[in-house]
Each structure stands twice: as structure tokens, then as C-alpha cells.
Amino acid sequence: MSFAWNHLQEAKQIIDKLDVALIDDMAARLATLRERGGRLFFLGVGGSAGNCSHAVNDFRKIAGIEAYAPTDNVSELTARTNDEGWETVFVEWLKVSRLTKNDAIFVFSVGGGNLAKNVSPNLVRALQFAKAIGCMIFGVVGRDGGYTAKVGDAVCVVPTVNPEAVTPHSEAFQAVVWHLLVSHPALRLVPTKWESIAAGTPQR
């Protein structure tokens, strides 16, 4: 079989193995976050940082949740990296944002962070800070989920069906899960453009 066929078959296997009850629980917890006026901070690096930017848009526009991603501010990100070091870029950003226990962190990551292996230490430092405050932690991560899955309150671990494709599947399913969440009846407030056109909903 072709590489494309195999890759898509693996995606099917991942869908069958996802923890549906956990994802429904994530939606319920996020709805509670919105009700209490909490903010949602998306953290990720590399491709996951790009997913964070997209998710911020969707959670703000579709679900009505105040959301941010520190990686969207390239000036502050690079200044902190240059002056203070990569490991502290997220935790220091969260401190200035006055993170509280009413807010939540949402991590997109393949490894989830691991200090011993020096993998995404910036995520680990941010999560340590969030836990000390009592802030809720969400995540969509790959493989065993690392530190995020260890300390998180609602973390979806993308099942590994091919050890050689952990990164592409993990980052792809970050998008699957967050789009599911903003489309979930517990969270969606605003219809998306093309669905509203098809339904004949008047456009503003």
C-alpha cells in the first residue's frame, strides 16, 4: 500500500482510540471556565504554536472565551528568549498576565514537556507555576504526554499507532480536538460562516 493510504489508516485508528468521554469532559470544564469569566492561555512550540494561534481565534470567535497565546507576540517572545532564556518565556509571560486560579492553561505539544530530557522546559515551568496557583490545565499531547499529562486536569493523549509518525499525528489531532470542542453544543455560541450560509442564517 502507498504511504498516503497507510497514514490515513493510522488516522482512522487514532480516531477509534480517542477518549471520547474525556473530550466531552473538556467541553464541560471549558463551559464552566467561560461562565466564571476565566481566560484561556494556549501554550505550544513549533507547529503546536501555530495551532495555538488558530485555536485562540476559534475559542474567542466561536466559543466566546477570552483566549491568548504568548507566541503570538514575537517581539516579547524573542526579547525574553534573548534576555532571560527559552525556559522562562511562558512562565514570565503568564506572571505579567496575572494568571489566576479562575483562568486555565491549554497545552498543545507532542512531548508534553520533560525537564530531565530538556524537552520543552518552557512548558514545564509554566505548568509548575499554574499548578502552584491552582489554575486548571487542559492539553492535547502525543505519545505519553510528558509533564502535561502528568499534572493536567483534562488532557487528551493522542494514541501512538506508528512510532515514526508521532509528530504529524499529534499536531494534526490537536486541530481535530480543538475544532470538536468549539463545535460542541456546550461551547459553540456563534455559527461558523459556511454552515450559517447553508442554513440561510442572515449574515451580520
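The values are calculated or read from the model by the stated rules, or taken from the named source; none is laboratory data. Given the structure is predicted, the values throughout are model-derived calculations rather than measurements. Glycine also receives a Cβ, built like all others from the backbone with ideal geometry; neighbour counts cover every protein chain displayed. Areas reflect the complete protein model, heavy atoms only, side chains present, ligands, DNA and RNA absent. Shrake-Rupley method; radii C 1.70, N 1.55, O 1.52, S 1.80 Å.
Quick notes on this one:
- With a Cα cut-off of under 28 Å and a minimum spacing of 8 residues unless on different chains, the lysine pairs in the chain number 16.
- Checking every one of the trypsin sites (Lys or Arg not before Pro) in the range 13-82 against DSSP loop status and a limit of 15 other Cβ atoms within 10 Å picks out Arg36.
- The range 20-87 versus the range 105-123: alpha-carbon centroid distance in Å: 15 Å
- Structure-based [θ]222 nm, the chain - -39500 (n - 2.57) summed over DSSP H runs of at least 4, per residue, nearest 500: -16000 deg cm²/dmol
- Accessible surface computed residue by residue for the chain, with neighbouring protein chains in place and a 1.4 Å probe, gives 50 Å² per residue.
- For Ile65, the residues whose amide H sits under 5 Å from its own are Arg60, ignoring neighbours fewer than 5 places away on the same chain, with H placed 1.01 Å from N.
- GNM remark for the chain: springs join alpha carbons under 10 Å apart, and the peak mean-square fluctuation among Asp19, Asp83, Asp72 falls on Asp83.
- Annotation note: trypsin sites (Lys or Arg not before Pro) in the range 105-188 located in DSSP loop regions with a Cβ neighbour count of at most 11 within 10 Å are Lys117.
- Using a probe of 1.4 Å, the accessible surface attributed to Ile15 totals some 100 Å² when neighbouring protein chains are kept in position.
- Using C-alpha pairs below 8 Å separated by at least 6 residues, the relative contact order for the range 1-106 is 29 percent.
- Approximate spin-label separation Ala79-Arg60, in nm, with each point projected 7 Å along Cα-to-Cβ: 2.0 nm
- Gaussian network model of the chain, Cα within-10 Å springs - most flexible of Val182, Val190, Val91: Val190
- Sulfur and carbon atoms: percent of accessible area, the chain [1.4 Å]: 54 percent
- Among beta bridges that DSSP assigns inside the chain, antiparallel share in %, nearest 5: 5 percent
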